[in-house]
Amino acid sequence: MTILLETERMLLREFTTEDSQLLFELNNDPEVMFYINAGQPVPMAEIVEETLPAFLAYYRDGDRFGFWAANEKATGTFLGWFHLHRGERSTDPELGYRLHRAAWNRGLATEGCAALIERAFQDPTISRIYAETMVVHTASRRVMEKVGMRFVRIFHADWPFRIPGDEHGDVEYEITRAEWGNR
Ligand SMILES: CC(C)(COP(=O)(O)OP(=O)(O)OC[C@H]1O[C@@H](n2cnc3c(N)ncnc32)[C@H](O)[C@@H]1OP(=O)(O)O)[C@@H](O)C(=O)NCCC(=O)NCCS
């Protein structure tokens, strides 16, 4: 198991080809996927042929950017994942997260994000990290706020799925190296 980071309660490790079933289960919980694909089922073929290969491709370019599986230290349970990678709308790295329902509201997303931000800013070429979510996704926005990110703007991304509240658009949050150092 290749570990990227250890936090108080989690190991963040590289995904492997053995993880397709774990990702299938995560991506087929309609509550987990509500703000991502409106809770539509995701076929195993998509996980095996698209999702997992895209995750694994990052490791060939080193360990700065990518997707990391989160395992609970105490139990070994797969909790979900975190990502930090070049985003669609910026050359700066974008932070993201997806956790199983059983892991919610225990501060785990905030804990993982803080560890990834701390590590990212050890790289002198990274001066800003940003994150995006829907305006109405309160839990995700709260994680961004709790980890010290600052609201930047509302914008309207072109999503293929419609969910209640999506007319309010999306939000961007960011944190700079200086803000992280001064928090
Ligand atoms: C978003 C997500 C990662 C948050 O993970 P988490 O580990 O529960 O986050 P934390 O426990 O660190 O913080 C969650 C905060 O949101 C709050 N919260 C959770 N649900 C809420 C809701 N429906 N309304 C208002 N606040 C809510 C919690 O109370 C907590 O804030 P607090 O510490 O001030 O009380 C998790 O809900 C998830 O994986 N959702 C599905 C995938 C997803 O939507 N990913 C983000 C896509 S942008």
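The values are calculated or read from the model by the stated rules, or taken from the named source; none is laboratory data. Since we're looking at a predicted model, the values are computed, not measured. All Cβ positions, glycine included, derive from the backbone under ideal geometry; neighbour counts span all protein chains shown.
Looking at the range 124-183, which of the residues that are of a type in the set (Ser, Thr, Tyr) and assigned to a strand (DSSP E or B) is farthest from Glu88 (Cα to Cα)?
Filtering the range 124-183 for residues that are of a type in the set (Ser, Thr, Tyr) and assigned to a strand (DSSP E or B), the one farthest from Glu88 (Cα to Cα) comes out as Thr176.
Give Gly80, Gly39 a once-over and let me know the one that is on the phi > 0 side of the Ramachandran plot and touching a Leu at 6+ places or on another chain (Cβ under 8 Å).
That would be Gly80, the only listed residue that is on the phi > 0 side of the Ramachandran plot and touching a Leu at 6+ places or on another chain (Cβ under 8 Å).
In this structure, is Gly112 buried (at least 19 other Cβ atoms within 10 Å of the Cβ) and among the small types (Gly, Ala, Ser)? Give the derivation first.
Details: buried (at least 19 other Cβ atoms within 10 Å of the Cβ): yes; among the small types (Gly, Ala, Ser): yes.
Here the answer is yes, as Gly112 does meet what is asked.
Look at the range 63-96 and say how many of its residues are of a type in the set (D, E, K, R) and in a strand (DSSP E or B). I'd like the intermediate steps shown before the answer.
Within the range 63-96, the first condition is being of a type in the set (D, E, K, R), and the residues that meet it are 63-64, 72-73, 86, 88-89, 92, 94.
Narrowing the set further to residues that are in a strand (DSSP E or B) leaves 72, 86, 94.
Result for the range 63-96: 3.
Could you list, in sequence order, all residues of the range 52-90 that are more than 24 Å from Glu8 (Cα to Cα), crowded, with 20+ Cβ neighbours inside 10 Å and within 14 Å of the chain's Cα centre (by Cα)?
The one that is more than 24 Å from Glu8 (Cα to Cα), crowded, with 20+ Cβ neighbours inside 10 Å and within 14 Å of the chain's Cα centre (by Cα): Phe55.
Scan the range 1-53 for residues that are hydroxyl-bearing (Ser, Thr, Tyr) and away from the ligand (no atom under 16 Å from the Cβ) and jot them down. Lay out the reasoning, then the answer.
At the first step, the residues of the range 1-53 found to be hydroxyl-bearing (Ser, Thr, Tyr) are 2, 7, 16-17, 20, 35, 51.
Of everything in the range 1-53, those that are hydroxyl-bearing (Ser, Thr, Tyr) and away from the ligand (no atom under 16 Å from the Cβ) turn out to be Thr2, Thr16, Thr17, Ser20.
Looking at the range 44-51, is at least one residue surrounded by 13 or more Cβ atoms within 10 Å (Cβ to Cβ), at pLDDT 95 or above and under 21 Å from Ser140 (Cβ atoms)?
We begin by selecting, within the range 44-51, every residue surrounded by 13 or more Cβ atoms within 10 Å (Cβ to Cβ); these are 44, 46-48, 51.
Add one more test, that the residue is at pLDDT 95 or above, and what stays is 44, 46-48, 51.
Among the residues that remain, those that are also under 21 Å from Ser140 (Cβ atoms) are: 51.
Yes, that holds for at least one residue.
Let me confirm something: among Arg128, Arg64, which residue is at pLDDT 95 or above, away from the ligand (no atom under 11 Å from the Cβ), charged (D, E, K, R) and within 21 Å of Arg177 (Cβ to Cβ)? Don't jump to the end; show me each part of the working.
Numbers: Arg64 fails: at pLDDT 95 or above.
Selected residue: Arg128, the only one of Arg128, Arg64 that is at pLDDT 95 or above, away from the ligand (no atom under 11 Å from the Cβ), charged (D, E, K, R) and within 21 Å of Arg177 (Cβ to Cβ).
Looking for whichever is charged (D, E, K, R) and closer than 30 Å to His168 by Cα here; the options are Glu88, Glu14. Which one fits?
The conditions single out Glu88.
Name the single residue that is nearest to Glu179 (Cα to Cα) among those in the range 97-110 being within 7 Å of the ligand (Cβ to nearest atom) and in a helix (DSSP H, G or I).
Pass one, the range 97-110, residues within 7 Å of the ligand (Cβ to nearest atom): 97-99, 103-110.
Filter once more, keeping what is in a helix (DSSP H, G or I): 103, 108-110.
On the way: Ala103: 28, Leu108: 22, Ala109: 20, Thr110: 17 Å.
So the residue we want is Thr110.
Which one of these is within 20 Å of Val32 (Cα to Cα), touching a residue at least 24 places away in the same chain (Cβ under 8 Å) and of a type outside the set (D, E, K, R): Gly87, Gly96? Show your work before the answer.
Working: Gly87 fails: within 20 Å of Val32 (Cα to Cα).
Of the residues listed, the single one that is within 20 Å of Val32 (Cα to Cα), touching a residue at least 24 places away in the same chain (Cβ under 8 Å) and of a type outside the set (D, E, K, R) is Gly96.
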